[in-house]
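Undergrad: Submitted below is the structure of interest, expressed as structure tokens.
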Amino acid sequence: MTGPGVQTGSQRLQRLLALVPYVVSRNTVGLAETAAAFGVTERELVDDLNMLWCVELRAPDPYCPIDLSYEGGEIVVSEAESIGRPLRLGADEASALLVALRMLADVAPAGSSALSRTIAKLEAAAGESAAVSAQVQVQVDKGHAGDVLAQMQDAIERQRRIHLRYYVPGRDEATERDVDPMRLLVVEGRTYLEGWCRRAEGVRLFRLDRVLGMQVLDVAAAVPPEAEPVDVDEGLFRPSPQDISVVLELRPAGHWVAEYYPCESVDRRDDELRVTLRTPDTRWVRRLALRLGEDGRVIAPADLAAQVSEDAAAALGQYASGIPARTN
Amino acid sequence: MSRRKTERLLGLVVCLLSTRRALTAAQIREAVPGYPDSFEAFKRMFERDKEELRELGIPLETDLASPGDEEAGYRIRRQAYELPEITLEPDEAAVLGLAARVWQRAELAGTAAGALLKLRAAGIDAEDTTQPVIEPRVHTGEAAFGPLWEAVMDRRPVTFAYRAAGRSGVQQRRLEPWGVVNRHGRWYVAGHDVDRDAVRVFRLSRIEGAVAFSGPPGSVVVPAGTDVRELVRDWDSTPPAHRTATLRVRTGAGYGLRRRALSERPDGEGWDEIRVSFGDIGYSDYLASFGADVIAVDPPDLREAVIRRLKGVPQ
């Protein structure tokens, strides 16, 4: 696989240098398989092989250092000369893999044996290039009970139904539900269970730090065939056309809202931010508005703004109606 | 890069890897096809080629061709070039494939793919055929991530415009970056703030405009024993909870509070009394979010702060 974006010449040179050792380490390998591994078409691959075969050094005596063939669709390198081994890993390459592996080891205790072995081998192979990788770290929030993750991994592997007691902060509710687990996601620094929620009859994500309690049931999980896994590469929370559009105006002390919630738009006017959020359920926005106090204002929809005023008045009413401050 | 240039660079790498002794520029020109006839034009092209190979991480060495020789010679030592032997068990290869996928939609996708390519070239089959139990992703949506990652890798100082939380206006900052850390989904950079001569942590989402390098590679020294993760954690953490609050919470409400309650008991019809610990008066904002379901009873300063917060809600 090559990275996204334009195929540059330096990428091609890297590919050419990797191609010979790729074949050498496998003795012989098919054109189709190799093309797939390098993310190119067979035609591009054949062009690469021809370029390698044509390498010529003219002095002191002229010779062609690399000899290979791909007759019958099978590549064989009979003379690899000096490029029989791949180029060592760069600091950035070693770091990209090591940072990700260390993050995984931090998150998933169950897979840690293979992870720690791989980390050790990669560190050894990368040598000095691995040193700088310690300067980059990914720390996932682990605000969940220690064994919740292990229990879920176990339920996924054994395909067992899970009973969840789950906190929904937007509604300030504890909910009870049975979930047929699909997989665990670690995205945006948090860990989620993805599963078929039998109460909602749909695929739902459950943040592990909001699990109040769980039980692996002695019932086989039954994820229906129509259950579509979330496309983690597109972001977990995509607004739907039915969502309500909420506009908030934020003073500087409330600007954190723009960083904390996915906003559709953020406009700066002097010191104030005007943000637009889309949400299927505005109850959490009412709570947010109370929390912001004078640092935020609901601009739209108007009925939501009115509700927030009522919520604040009702709360203040409690304080005025003689619920005492502690006097003892 | 043109096809001819790719061919020339490939020939140059093979030539410099094959040679036992360092070759002079003139010898290289004779051996590698594709260089122009004019020696001046050759020298310019060769300089660019050397730069290009170094950018790819190819350890091109310059030394004297032979003792007593005045002219510089060039070669690539196989030992410095080659990836050492590495073999992985199937379960190790599987986690390696998973690790590369972590950056799938991030700035480092190409870098991770390049690393995987070299490991495949070393004979490792890091194919991910099974559906993994855990699917991890790290995003790098902040524009500042790319240059800061590069600055940390190359140990270079940077400058950028920064908008501090809750403040208006931006300030130009000069930083020797020690590391970048993703904490709970957000990226931070920690390092030595040159103007303040102190350790500082910055959130990447608050950097405005471009990050510029302000010094050569290798000029930043990270003090021994620096733990960037700890620096960011200390900066980001809420103050330790050393005070206790007494709250009245409506029955069936306030689950977020009940989860962390020190004690909980019924307190009249429809209400419970809950005690929780808190760090500073900013906790009142959180309590205000529960509206009429939660009443702060004690301490008085917390109660007053909640009332103030609620009174501040625009009418």
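Undergrad: Read through the list (1) farther than 30 Å from A:LEU184 by Cα; (2) in contact (Cβ under 8 Å) with a residue 60 or more places away in the chain; (3) not in a loop (DSSP other than H, G, I, E, B), then give the number of the only condition that B:SER205 fails.
TA: So B:SER205 meets the others, but not (1).
Undergrad: Would you mention how many residues in the stretch B:151-174 are among the β-branched types (Val, Ile, Thr) and within 24 Å of A:ARG251 (Cα to Cα)?
TA: 1
Undergrad: Quick one: count up the residues across the stretch A:114-127 that are under 13 Å from A:ALA94 (Cα atoms) and surrounded by 16 or more Cβ atoms within 10 Å (Cβ to Cβ).
TA: 7
Undergrad: Filter the stretch A:128-160 down to residues that are out of contact with any helix residue (DSSP H, G or I) (no Cβ under 7 Å at 6 or more places or on another chain) and either at the interface with chain B (Cβ under 7 Å from one of its Cβ atoms) or among the hydroxyl-bearing types (Ser, Thr, Tyr) (or both) and give me whichever is surrounded by the most Cβ atoms within 10 Å (Cβ to Cβ). Before the answer, list the steps.
TA: Within the stretch A:128-160, the first condition is being out of contact with any helix residue (DSSP H, G or I) (no Cβ under 7 Å at 6 or more places or on another chain), and the residues that meet it are A:128, A:131, A:134, A:142, A:145-147, A:151-152, A:154-160.
Applying the additional criterion that residues be either at the interface with chain B (Cβ under 7 Å from one of its Cβ atoms) or among the hydroxyl-bearing types (Ser, Thr, Tyr) (or both) yields A:156-157.
On the way: A:ILE156: 23, A:GLU157: 11.
Selected residue: A:ILE156.
Undergrad: Going through B:ARG265, B:ARG243 one at a time, which residue ends up being within 42 Å of the chain's Cα centre (by Cα), of a type outside the set (Ser, Thr, Tyr) and modelled with pLDDT of 90 or more?
TA: It is B:ARG243.
Undergrad: I would also like to ask the following. Please find, among B:LEU310, B:LEU257, the residue that is assigned to a helix (DSSP H, G or I) and more than 8 Å from every other protein chain (Cβ to nearest Cβ).
TA: B:LEU257
Undergrad: Let me confirm something: among B:ARG156, B:ARG167, which residue is part of a loop (DSSP other than H, G, I, E, B), of a type in the set (D, E, K, R), in contact with a helix residue (DSSP H, G or I) (Cβ under 7 Å, 6 or more places away or on another chain) and not assigned by TED's automatic domain parsing to the domain that holds B:GLY57?
TA: Just a single option satisfies the conditions, and that option is B:ARG167.
Undergrad: Between A:LEU52, A:LEU68, which is away from chain B (no Cβ under 11 Å) and either at pLDDT 90 or above or part of a helix (DSSP H, G or I) (or both)?
TA: Within the list A:LEU52, A:LEU68, the selection yields A:LEU68.
Undergrad: When only residues in the stretch B:268-279 that are loosely packed, with under 14 Cβ neighbours inside 10 Å and either among the acidic types (Asp, Glu) or over 16 Å from B:ALA296 (Cβ atoms) (or both) count, which is modelled with the lowest pLDDT? If you could, list the steps in order and put the result at the bottom.
TA: Residues of the stretch B:268-279 loosely packed, with under 14 Cβ neighbours inside 10 Å: B:268-270, B:279.
Applying the additional criterion that residues be either among the acidic types (Asp, Glu) or over 16 Å from B:ALA296 (Cβ atoms) (or both) yields B:268-270.
Working: B:GLY268: 86, B:GLU269: 89, B:GLY270: 91.
If we take residues in the stretch B:268-279 being loosely packed, with under 14 Cβ neighbours inside 10 Å and either among the acidic types (Asp, Glu) or over 16 Å from B:ALA296 (Cβ atoms) (or both), then B:GLY268 is modelled with the lowest pLDDT.
Undergrad: If I ask for residues that are under 23 Å from A:TRP196 (Cα atoms), of a type in the set (Gly, Ala, Ser) and part of a helix (DSSP H, G or I), which ones from the stretch A:126-159 would you list?
TA: Listed by number, the residues that qualify are A:ALA150, A:ALA155.
Undergrad: Among the residues of the stretch A:224-242 satisfying the criterion of being within 12 Å of chain B (Cβ to nearest Cβ) and within 17 Å of A:TRP196 (Cα to Cα), which is modelled with the lowest pLDDT?
TA: Top of the filtered list is A:LEU236.
The values are calculated or read from the model by the stated rules, or taken from the named source; none is laboratory data. Note that the structure is a prediction, hence the values are computed from the model and not measured. Every residue, glycine as well, gets a Cβ built from its backbone with ideal geometry; the counts of neighbours run over all protein chains shown.
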